[in-house]
Amino acid sequence: MTDVEHVLTQYRTWAVVGCSPQPWRDSHRIAAMLQSRGYRVIPVNPEAGDELLGERVFPALPAGEGIEVVDLFRRSSAVGPHVDEAIAIGAKAVWMQLGVIDEAAASRARAAGLRVVMNRCPAIELPRLEAR
């Protein structure tokens, strides 16, 4: 089973880092799509207010919320610290969205035992899995 398949089928609690309160933004649309498919979504954005998509918004990745996947909607140059946070809170996977690539951060995550998906979008990958 590939990391993409494993992450999408085995992990149900996703933190969406950079989740926007604007419904037309990709981060908001993907978070809503994940919710509509039964995933728990924890929005992470220090500037997004108190609640998004019916969930409490956190300013940084919270420990103790059972986060399995950290989904990164940040520029490649900004994801390294979030990957380190994902490792620190005990996440099981890091998902870097389309266009987000940080090989050094991915290596750190893999070395810590996390699965890594890079330069992919769950809104594209879920239908591919279902089409099989």
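Of everything in the stretch 77-99 that is farther than 15 Å from residue 27 by Cα and not hydrophobic (A, V, I, L, M, F, W, C), the residue that is surrounded by the most Cβ atoms within 10 Å (Cβ to Cβ) is 82.
Just checking, which of 64, 49, 113 is at pLDDT 95 or above and either surrounded by fewer than 15 Cβ atoms within 10 Å (Cβ to Cβ) or part of a strand (DSSP E or B) (or both)?
Within the list 64, 49, 113, the selection yields 113.
Step by step: first the residues of the stretch 43-61, then only those that are in contact with a helix residue (DSSP H, G or I) (Cβ under 9 Å, 6 or more places away or on another chain) and of a type outside the set (Asp, Glu), then the one that is farthest from residue 126 (Cα to Cα). Which residue is that? Top of the filtered list is 60.
Please give the number of the condition residue 16 fails out of (1) in contact (Cβ under 8 Å) with a residue 60 or more places away in the chain; (2) within 11 Å of the chain's Cα centre (by Cα). Status for residue 16: all satisfied but (1). Among the residues of the stretch 7-63, those that are among the polar types (S, T, N, Q) and closer than 17 Å to residue 91 by Cα comprise 9, 10, 13.
Only residues that are surrounded by fewer than 16 Cβ atoms within 10 Å (Cβ to Cβ) and more than 12 Å from residue 52 (Cα to Cα) were counted across the stretch 14-25, and they come to 2.
The values are calculated or read from the model by the stated rules, or taken from the named source; none is laboratory data. Source: prediction; values computed, not measured. Cβ atoms come from the backbone with ideal geometry, glycine included; neighbour counts cover every protein chain shown.
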